[in-house]
Amino acid sequence: MSWSKSVYSSHVQSIGYDSDAREMTVTWQNGKVSVYEDVPEETALQAANAPSVGQFLHSEIKNSYRHRYV
């Protein structure tokens, strides 16, 4: 199952998740798109619902999961 959620953030436009691939997609306000690999869905949901999405991504995602720009 896949989902995408618009978020309220100065840096992030939306967060999406592909459960088959276990990938979290982050669309940044500047238009760039990052895909983080092997992310548990629960973690992606926490990111999408965090009070500070940018802070959550920086502290919990950035250095913990491999990513690529698409």
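The values are calculated or read from the model by the stated rules, or taken from the named source; none is laboratory data. Source: prediction; values computed, not measured. Cβ atoms come from the backbone with ideal geometry, glycine included; neighbour counts cover every protein chain shown. Ligands, DNA and RNA are excluded from the accessible area calculation, which covers all protein heavy atoms including side chains. Shrake-Rupley method; radii C 1.70, N 1.55, O 1.52, S 1.80 Å.
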Hey, can you tell me all the residues within region 21-69 that are farther than 18 Å from residue 10 by Cα, in contact (Cβ under 8 Å) with a residue 40 or more places away in the chain and not hydroxyl-bearing (Ser, Thr, Tyr)? 24
Determine, yes or no, whether residue 8 is part of a strand (DSSP E or B) and hydroxyl-bearing (Ser, Thr, Tyr). no
For region 18-34, which residues satisfy the criterion of being surrounded by 17 or more Cβ atoms within 10 Å (Cβ to Cβ) and either out of contact with any helix residue (DSSP H, G or I) (no Cβ under 7 Å at 6 or more places or on another chain) or of a type in the set (Val, Ile, Thr) (or both)? 18, 23, 25, 26, 27, 34
Can you name the residue in region 35-68 that is hydroxyl-bearing (Ser, Thr, Tyr), over 15 Å from residue 16 (Cβ atoms) and in a loop (DSSP other than H, G, I, E, B) and is also most open to solvent (accessible area, probe 1.4 Å) among such residues? 64
